[in-house]
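To start, the structure itself, in structure tokens.
The values are calculated or read from the model by the stated rules, or taken from the named source; none is laboratory data. Keep in mind the model is a prediction, meaning the values are calculated, not measured. Virtual Cβ from ideal backbone geometry, glycine too; neighbours counted across all protein chains shown. SASA here: full protein model, heavy atoms, side chains in, ligands and nucleic acids out. Shrake-Rupley method; radii C 1.70, N 1.55, O 1.52, S 1.80 Å.
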Amino acid sequence: MVVITGGTKGIGLALIHKFAAKGHDIATCARNKEDLENLKKELVKQYGIEVFIQSTDVSVREDLATFVDFVKRIEKPIDVLINNAGMFIPGAIHDEAEGSLEKMIETNLYSAYHVTRGLIGEMITKKAGHIINICSIASFEAYPNGGSYAISKHAMWGFSKSLREEMKPHGVRVTSVLPGATYTASWEGVDLPPERFIKPEDVAEIVYTSHKVSAQTVTEDIIIRPQLGDI
């Protein structure tokens, strides 16, 4: 089974379709219950897999605990955990909206930390599994108007690198994915053509290919950029 947070839009949705098309059962969460129910119907109809959904606000600690318990009650082996849920609030550090840092740290970093802690035990026990963390180009390259988003994504990459070191002796692979501007809802309203962006489906294709290498090999970092460069 593949567990993925934030599965109803953008890169998360593309990843779900990619893994589902290969026959993997899916467990996912998002805030909007209706979106989740529609996604489940679509996946079951299109791929004939089992789909488990839970309405969750990943910025709320109690919601994360509920999601972790929900996944555990499914009682299916977790082959892949994808920490994908995230948010972007534009602004500079000196004048961005009050609370931006806290909100993005809670959503982009704490969600991955707590979900991983809640579910990794099974992977350690069976000495197998793959954790994929969706970071960002902003994880290593700050840019104007990135503000606290860049801070949260720097921290996310640090979390991922630390986890990679810790999991080496346990046979659990850890991959950091660092995409540039990808054509998702975060870029709605921007006056740029779609072809200027990365396709979410391309991110999903690269991630899945990385996952399918043998267990003795791991892609530690995947950097993906628009062909014409960063936006």
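Three semi-axes describe the equivalent ellipsoid of segment 46-118; taken as square roots of 5 times the Cα gyration tensor eigenvalues and ordered largest first, they are 29, 13, 10 Å. A simple rule links phi to the HN-Hα coupling: the Karplus curve 6.51 cos²θ - 1.76 cosθ + 1.60 with θ = phi - 60°, which for segment 215-231 gives 5, 7, 10, 9, 8, 6, 9, 10, 9, 10, 10, x, 4, 8, x, 5, 9 Hz, with x for Gly and Pro.
If I compute solvent accessible area with a 1.4 Å probe over the protein chains, what percent of it on the chain is carbon and sulfur? Carbon-and-sulfur percentage of accessible area, whole number: 51. Just to check, using Stokes-Einstein with a Kirkwood Rh over alpha carbon pairs, what's the diffusion coefficient of segment 127-202 at 4 °C and 1.567 mPa s in µm²/s? The calculation lands on 93 µm²/s.
Report summary: the helix-based calculation at 222 nm, which adds -39500 (n - 2.57) for every DSSP H run with n ≥ 4 and divides by the residues of the chain, gives -13000 deg cm²/dmol. Overall, the ratio between the Cα radius of gyration of the chain and 2.2 N^0.38 Å, rounded to two decimals, is 0.96. The calculated FRET efficiency for residue 38 paired with residue 214, based on their beta-carbon distance and R0 = 41 Å, is about 0.65. Within segment 100-231, the proportion of Cα pairs with more than 21 Å between them is 45 percent.
Comparing mean-square fluctuations of 162, 59, 210 from a GNM of the chain with C-alpha springs under 10 Å, the top value falls on 162. The heavy atoms of residue 110 present about 110 square angstrom of accessible area, all protein chains included, probe 1.4 Å. Compute the Kirkwood hydrodynamic radius of segment 191-231, taking the inverse of the mean of 1/r over all pairs of distinct Cα atoms, and give it in Å to one decimal. That comes to 11.9 Å for segment 191-231. Of 225, 117, the order by accessible heavy-atom surface (1.4 Å probe, DNA, RNA and ligands excluded), from most exposed downward, is 117, 225.
Report relative contact order for the chain in percent, whole number only (criteria: Cα-Cα under 8 Å, sequence separation at least 6). Once normalised by length, the contact order is 20 percent.
Entry comment: accessible area of segment 165-231 is 59 Å² per residue, from protein heavy atoms only and a probe of 1.4 Å. Ranking 96, 106, 165, 62 by solvent-accessible area of protein heavy atoms (1.4 Å probe, all protein chains present), from largest to smallest, gives 62, 165, 106, 96. Extent along the principal axes, Cα only, for segment 65-106: 47, 19, 9 Å, with the longest axis given first. Roll a 1.4 Å probe over the protein heavy atoms and report the accessible area of residue 88 in Å², nearest 10. That residue has around 70 Å² of solvent-accessible surface.
Could you tell me what fraction of 2.2 N^0.38 Å the Cα radius of gyration of segment 164-220 comes to, as a two-decimal ratio? In units of the globular-protein estimate, segment 164-220 measures up at 1.50. Karplus-derived 3J(HN,Hα) values for segment 158-165, using 6.51 cos²θ - 1.76 cosθ + 1.60 with θ = phi - 60°, are x, 4, 5, 5, 5, 4, 4, 5 Hz; glycine and proline are entered as x. Over all pairs of different C-alpha atoms in segment 8-135, the reciprocal of the mean inverse distance, the Kirkwood hydrodynamic radius, equals 15.6 Å.
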